[in-house]
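Participant: If you scroll down you'll find the structure; I have some questions about it.
The values are calculated or read from the model by the stated rules, or taken from the named source; none is laboratory data. Small disclaimer: the values here were computed from a predicted structure and weren't measured. All Cβ positions, even for glycine, are placed from backbone atoms using ideal geometry, and neighbour counts span all protein chains on display. In case anyone asks, the SASA skips ligands and DNA or RNA and just uses the protein heavy atoms, side chains included. Shrake-Rupley method; radii C 1.70, N 1.55, O 1.52, S 1.80 Å.
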There are 2 protein chains.
Amino acid sequence: MRIAAIGGGVIGGGWIARFLLSGHDVAVFDPHPEAQRIVGEVLANATRAWERLFQAPLPRPGRILWAGSVDEAVRDADYIQESVPERLELKHRIIAEIEAAAPGTALIGSSTSGFKPSELRQGARHPGRILVAHPFNPVYLLPVVEVVGGGAAAERACEILTGIGMKPVRIAREIDAHIGDRLLEAVWREALWLVHDGIATTEEIDDIIRFGFGLRWAQMGLFETYRIAGGEAGMRHFLGQFGPALKWPWTKLMDVPDLDEALIDRIAAQSDAQSGRHSIRALERIRDDNLVGIFQALKANDWGVGQTVRAQEDGFYAREPARAEGYPLRLHQARVSGGWVDYNGHMTEFRYLQVLGDATDAFLIHIGLDADYRAQGRSAYTVETHIRHLAEVKAGELLTVETRLLGHDAKRFRLHHAILRADGSEAATGEHMLLHVDTGAGRAMPMPPALLQALERVAAQDRAPHPDHAGAGIRPIRQREATA
Amino acid sequence: MRIAAIGGGVIGGGWIARFLLSGHDVAVFDPHPEAQRIVGEVLANATRAWERLFQAPLPRPGRILWAGSVDEAVRDADYIQESVPERLELKHRIIAEIEAAAPGTALIGSSTSGFKPSELRQGARHPGRILVAHPFNPVYLLPVVEVVGGGAAAERACEILTGIGMKPVRIAREIDAHIGDRLLEAVWREALWLVHDGIATTEEIDDIIRFGFGLRWAQMGLFETYRIAGGEAGMRHFLGQFGPALKWPWTKLMDVPDLDEALIDRIAAQSDAQSGRHSIRALERIRDDNLVGIFQALKANDWGVGQTVRAQEDGFYAREPARAEGYPLRLHQARVSGGWVDYNGHMTEFRYLQVLGDATDAFLIHIGLDADYRAQGRSAYTVETHIRHLAEVKAGELLTVETRLLGHDAKRFRLHHAILRADGSEAATGEHMLLHVDTGAGRAMPMPPALLQALERVAAQDRAPHPDHAGAGIRPIRQREATA
């Protein structure tokens with residue numbers, strides 16, 4: 001699929017990074033003299049975040065092609081993302097240039113936060129293919145994208161956007177500012193009043209959000225949270241209770257605060273006091289690392305944004321499936337995530353066993369000891385492990401595990417894993433004894449013929465001598481030999 | 001400190017759970033016939049969440065004392081939390097009953113979401129000690145509490161609330177509904193309009209929040225996020241860009257939607273379609289597990305709510321310090337966190353090595369190989385590990401590690417850890433060879449005399465025979481012996 005991006009600021013750069021990291025080439029036009037630097041910086045942040053976020057092998061990134069004109073950028077494009085400044089006459093001019101050069105079937109998504117499709121389409125040749133595709137910053141991490149403008153074009157756009165790990169939400173009826181920014185605008189106006197009237201500082205408002213309801217909204221939204229608040233009596237009961245508050249004179253939103261110099265001064269000074277000790281670069285990294293951690297936590301719970309990440313990883317695995325061709329078996333790869341490194345920037349000790357354990361799980365699936373098998377009340381438990389730590393690895397490295405079967409009998413099998421770095425050198429080895437168990441009774445039991453036959457097939461390939469360290473224990477130190 | 005709680009619904013129950021789990025006894029009065037059941041259910045959720053959230057040993061929980069009257073509950077109280085329904089005349093009556101019985105120095109915090117301190121204080125004997133202490137649901141997890149009403153009483157209240165792991169935000173000037181609920185109310189009104197006008201469903205609105213800006217707000221608030229959006233040009237520049245939007249006719253907030261039967265029907269039906277497949281109980285657990293995961297992710301990044309959790313854990317450790325008395329050494333305890341268990345509900349294999357590695361770190365600190373030492377460019381790396389898995393452990397269990405020094409020489413030392421369950425039985429053992437290294441050169445180097453002397457002192461206590469399994473490797477399986 002050929003992608004073009006018109007405009008490469010923070011938002012355009014985020015789009016470009018998301019397409020590139022998903023494996024698509026992107027043709028970019030932006031006349032800004034510093035466009036290449038800005039896009040480069042966003043891409044560096046995005047690459048760092050993706051390497052920390054995903055454990056699956058990332059796709060090979062696409063290439064960025066700097067075009068000298070809109071025409072050159074969009075000539076062969078299937079999908080064009082427009083992210084130019086928020087002025088309608090500028091958007092009209094750019095859309096006209098795109099339509100003059102792009103294939104008639106190309107889709108045009110606009111990052112506009114305020115304009116409706118009907119406004120963008122004024123004077124267009126093929127208005128039906130012009131859509132709003134409004135993302136949220138940082139575009140390379142936050143999945144949501146508001147898709148406004150209906151029909152087959154919107155369906156195709158949603159497929160493309162889902163393919164780069166986004167969560168498109170189609171909005172049925174166009175309105176100014178779509179949905180997300182209307183909610184944000186409502187909070188923003190109220191927050192401006194609170195600062196204006198000296199009720200709270202910017203930091204106090206932020207703390208009330210991030211130590212309070214912001215934590216709820218990272219995983220459930222407004223309505224699902226209130227559904228819980230309604231308790232067993234249900235949403236209807238909750239609405240009955242909450243409803244009357246709408247008549248109370250709580251908010252000042254009937255009017256608009258005057259954003260005069262005095263208010264701007266106050267907000268800027270409070271913001272400096274709150275966040276000024278971090279540079280913008282540092283704040284971006286803090287934000288991204290926090291988002292990565294939150295995404296990974298929700299992935300472990302298979303919820304919300306965690307499901308999006310899991311779906312992306314499934315896609316990455318599907319592109320580059322671990323193939324059980326050859327021997328030793330290569331059944332598992334893992335990327336060293338940002339949460340896996342210690343204060344030295346090296347992978348923490350116990351994550352080696354995580355990679356080894358995941359490789360063991362992949363071997364279990366390979367021989368048919370999968371979730372369906374476990375559902376019958378049988379499984380294999382590791383009873384003994386011997387690890388040799390041979391090299392430090394860093395965040396973002398891709399590790400490949402080579403697996404051998406060193407022996408088995410009716411109830412047990414003995415595996416050897418080598419964790420390899422990208423250059424083929426060993427980062428660690430693991431030797432593991434597993435016991436086939438009846439999980440209900442908590443007792444060892446013989447394996448059924450199908451599992452034994454699968455083990456036999458693997459064993460038949462294991463013809464090389466065992467590694468010297470196999471079966472070895474930790475060698476005792478002759479006490480005090482060299483300390484005298 | 002003696003705590004009393006008047007009112008034990010979802011909010012009151014959350015307060016009670018937070019005080020109890022922090023180690024305080026709580027006297028409770030609530031005339032509701034099902035109060036004990038409701039508080040019991042909230043406490044069960046809270047206990048489950050705290051056991052999963054914290055790795056430090058939790059304090060021994062306080063006792064709950066069910067009082068037959070307000071008088072009985074508050075008679076000896078130092079701090080009283082009032083969480084009765086949101087009717088001013090009821091609050092006045094309860095406050096009068098509290099004042100008639102409680103010590104004159106007792107503080108009275110109100111959970112009111114709407115009333116101002118000046119309203120609560122009408123007719124009070126000691127008005128200065130009556131404060132708003134407004135929390136957010138679930139009270140046992142979300143740290144933020146809005147403290148309104150000034151003076152020394154507010155300072156004392158903030159100390160008490162910080163002591164139970166909360167993040168008090170003092171609000172300078174009282175206003176209706178304080179701050180958090182004003183922001184929520186603004187979003188709520190806008191969201192009602194969006195549903196009312198058929199622009200979006202409850203699920204679409206929730207998705208735009210939880211796949212979008214909700215993820216930002218779990219860690220930074222409104223202003224800090226916008227500071228980043230302003231980029232290098234700063235907050236002032238951002239305000240200049242965003243300001244004009246305030247004049248646009250984006251929101252409908254100048255008016256209030258009529259929450260009539262038709263709108264209630266629509267919202268209730270959309271909410272059923274969105275969330276009805278989960279019971280309220282299930283949604284509570286999902287929410288709490290997600291919050292625990294987010295808290296732990298932010299703890300790893302030492303940011304926002306993660307700092308609150310870390311401070312609580314420091315407090316827990318300070319109460320029950322791991323003591324290096326006796327031998328084997330007991331230097332490390334760990335609680336099995338909710339994120340550590342697999343689909344079977346048992347602690348995942350690699351977390352055993354995490355506990356063993358943390359015990360090794362505790363031993364390193366014990367002999368003086370701490371962060372200051374590492375800052376000089378020297379450290380100890382694990383080069384070999386032998387684990388025996390002996391028992392499954394579950395989320396919430398407290399594990400204690402017993403550590404022995406089995407040998408050492410000028411550059412190496414060999415440790416043996418036993419991970420013990422609460423009943424003293426072994427869950428696993430670990431044997432580890434560590435190498436003293438020059439981290440810059442990446443080479444082994446002899447230890448300085450101080451470290452060697454510390455090791456000698458430990459070695460002098462290690463007089464028992466080594467365990468039989470020390471130094472043993474994984475025993476080979478005689479191939480095919482039992483598979484024929």
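For every residue, the table says whether it meets (1) within 24 Å of A:Asn137 (Cβ to Cβ); (2) touching a helix residue (DSSP H, G or I) at 6+ places or on another chain (Cβ under 6 Å); (3) open to solvent by 10 Å² or more (accessible area, probe 1.4 Å); (4) polar (S, T, N, Q).
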site	(1), (2), (3), (4)
A:Gln274	yes, yes, yes, yes
A:Ser279	yes, no, yes, yes
A:Ala282	yes, no, yes, no
A:Arg287	yes, no, yes, no
A:Thr308	yes, no, yes, yes
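Participant: Next question, about the same structure. Name the residue, out of B:Thr403, B:Thr348, that is β-branched (Val, Ile, Thr), in contact with a helix residue (DSSP H, G or I) (Cβ under 8 Å, 6 or more places away or on another chain) and either within 14 Å of chain A (Cβ to nearest Cβ) or farther than 23 Å from B:Gly473 by Cβ (or both).
Facilitator: When all the criteria are applied, what remains is B:Thr348.
Participant: Okay, next question. Just to be sure, is A:Glu82 crowded, with 24+ Cβ neighbours inside 10 Å and among the acidic types (Asp, Glu)?
Facilitator: Yes: the conditions hold for A:Glu82.
Participant: Across segment B:161-187, which residue is nearest to B:Pro127 (Cα to Cα) among those that are more than 7 Å from chain A (Cβ to nearest Cβ) and part of a loop (DSSP other than H, G, I, E, B)?
Facilitator: Applying the filter and picking the extreme gives B:Glu174.
Participant: Looking at (1) more than 11 Å from every other protein chain (Cβ to nearest Cβ); (2) among the small types (Gly, Ala, Ser); (3) assigned to a helix (DSSP H, G or I), which is the only condition B:Gly357 fails?
Facilitator: Only one criterion is unmet by B:Gly357, namely (1).
Participant: Just checking, how many residues over segment A:268-280 are free of Cβ contacts under 8 Å to residues at least 12 places away in the same chain, more than 7 Å from every other protein chain (Cβ to nearest Cβ) and assigned to a helix (DSSP H, G or I)?
Facilitator: Residues meeting the conditions: 2.
Participant: Further, regarding this structure: Counting only residues that are modelled with pLDDT under 95 and polar (S, T, N, Q), how many does segment A:404-426 have?
Facilitator: Residues meeting the conditions: 0.
Participant: Give the residue, chosen from A:Arg330, A:Arg388, that is closer than 16 Å to A:Ala470 by Cα, among the basic types (Lys, Arg) and open to solvent by 40 Å² or more (accessible area, probe 1.4 Å).
Facilitator: A:Arg388
Participant: Anything in segment A:195-206 that is in a helix (DSSP H, G or I) and surrounded by fewer than 24 Cβ atoms within 10 Å (Cβ to Cβ)? List them, or say none.
Facilitator: Within segment A:195-206, A:Val195, A:His196, A:Glu203, A:Glu204 qualify.
Participant: Continuing with this model, one more query. Anything in segment B:189-198 that is more than 7 Å from chain A (Cβ to nearest Cβ) and either out of contact with any Pro (no Cβ under 8 Å at 6 or more places or on another chain) or among the aromatic types (Phe, Trp, Tyr) (or both)? List them, or say none.
Facilitator: Across segment B:189-198, the qualifying residues are B:Trp193, B:Val195, B:Asp197.
Participant: Follow-up. Could you list, in sequence order, the residues of segment B:391-404 that are in a loop (DSSP other than H, G, I, E, B) and open to solvent by less than 20 Å² (accessible area, probe 1.4 Å)?
Facilitator: Hits for segment B:391-404 are B:Val393, B:Gly396.
Participant: Let me ask something else about it. Within the bounds of segment A:117-138, is there any residue that is acidic (Asp, Glu) and assigned to a strand (DSSP E or B)?
Facilitator: For segment A:117-138, residues acidic (Asp, Glu) and assigned to a strand (DSSP E or B): absent.
Condition check ((1) under 15 Å from B:Ile164 (Cβ atoms); (2) under 21 Å from the mean Cα position of the chain (by Cα); (3) open to solvent by 10 Å² or more (accessible area, probe 1.4 Å)) across all residues:
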{"position": "B:Met1", "(1), (2), (3)": "yes, no, yes"}
{"position": "B:Phe29", "(1), (2), (3)": "no, no, yes"}
{"position": "B:Gln55", "(1), (2), (3)": "no, yes, yes"}
{"position": "B:Pro61", "(1), (2), (3)": "yes, yes, yes"}
{"position": "B:Ala67", "(1), (2), (3)": "no, no, yes"}
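Participant: May I pose another question? Filter segment A:130-160 down to the residues that are among the aliphatic types (A, V, I, L, M) and either open to solvent by 10 Å² or more (accessible area, probe 1.4 Å) or within 12 Å of chain B (Cβ to nearest Cβ) (or both) and list them by number.
Facilitator: Correct list: A:Val139, A:Leu141, A:Leu142, A:Val144, A:Val145, A:Val147, A:Val148, A:Ala152, A:Ala153, A:Ile160.
Let's see how each residue does on (1) assigned to a loop (DSSP other than H, G, I, E, B); (2) open to solvent by 50 Å² or more (accessible area, probe 1.4 Å):
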| residue | (1), (2) |
| --- | --- |
| B:Trp50 | no, no |
| B:Asp71 | no, yes |
| B:Asp76 | yes, yes |
| B:Glu89 | no, yes |
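Participant: State the number of residues belonging to segment A:361-381 that are buried (at least 19 other Cβ atoms within 10 Å of the Cβ) and either assigned to a loop (DSSP other than H, G, I, E, B) or facing chain B (nearest Cβ under 8 Å) (or both).
Facilitator: 2
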